[in-house]
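Report on the following structure.
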Amino acid sequence: MIEQLRSLGLSDLEARIYLVLHEEPHLSGYEVAKRVSVSRTNVYAALRVLTDKGFCRSIEADPVLYDAVPIGELIRMLKSQFEQTAKALVEELDAPPKAAPAFYTWKGEQALQTAIRRLIANADRSIVVDIWSEDVHWVEEALMEAQQRGINVILITIGEAGTRLSNVIVHQRSEEWAQVISRKFSVLCDGRAALIGSFGKSLKLSALETDHPSVIELLNNAFFHDVIADRIEQDFGRELEEKYGRHYERIIDPYRGMLE
């Protein structure tokens, strides 16, 4: 019985004291010490621990007397405590801990093409791609496959691009776009995985893959702005051009110098 009681978290002395009180209740600390042949100092310390753990209870008398709590009551108490602890542990630890957001760099044509296809192939719900029309061929085939399997695919192009994709938003270019050295692109999958990079003859092909929430939020906001601007231009394009100029020059011009 000592071993079974120790498995419940009792020390050897605590288990022996519990068995003594189980066999003969209403004993003083002095009487318990005589029966287990241990000093009264150690027995009183063990009795305090047993009382704190709920294995023993005291009777106010002179001297104080001790009883063992019935084993059936103890088992039910311990079982309830275990179930509560187990439930809390499962709730807290069942799901694997989230890894810290990371940034991965892809360089070169093959690596970049593989990264694009992998992200798109692993999307479950949605894909938003913002890319120049010259570079649509990098993503079109993978996006068509995703669209065919039921993923919501939205392609945003800078310049007109002939494509078979269903949902396309086109940004018209001004003359200044021709001077751009780097043609940026972004891929956002399920609002949780992003790839951002650039194409250009004078630049090495490279991209950054990340799940960092700040980057995800930036791409989400850019998408919402694109959708809103596209709808407003469809409904009020002529009025906007008359008021703000073609490509909104009257709004943008005062701020150009700040970004140079």
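In table form, for the structure just shown:
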| item | result |
| --- | --- |
| Burial order of peptide ranges 206-219, 134-147 (average beta-carbon count within 10 Å, highest first) | 134-147, 206-219 |
| Farthest toward positive dipole pole in segment 114-171 [+1 Lys/Arg, -1 Asp/Glu at C-beta], among Ser133, Gly159, Ala121 | Ala121 |
| Only Lys, Arg (+1) and Asp, Glu (-1) charged, at Cβ; segment 47-128 dipole about Cα centre in debye | 620 debye |
| Kirkwood Rh and Cα Rg combined as Rg over Rh, evaluated for segment 1-73 | 0.92 |
| 13 Å beta-carbon shell around Met1, net charge (K/R +1, D/E -1) | -2 |
| All Cα pairs of segment 103-255, percent lying beyond 23 Å | 40 percent |
| Under 16 Å from Lys184, Cα to Cα: lysines that are on another chain or at least 8 residues apart | Lys107, Lys201, Lys204 |
| log₁₀ of I(q)/I(0) at q = 0.07, 0.17 Å⁻¹ - the chain, Debye sum with one point per alpha carbon | -0.52, -1.25 |
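Laboratory data are not the source of any read-out in this text; all were calculated from the coordinates shown. Because the structure is a prediction, the values reported are computed rather than measured. Here Cβ is always computed from backbone atoms with ideal geometry, including for glycine, and neighbour counts include all displayed protein chains.
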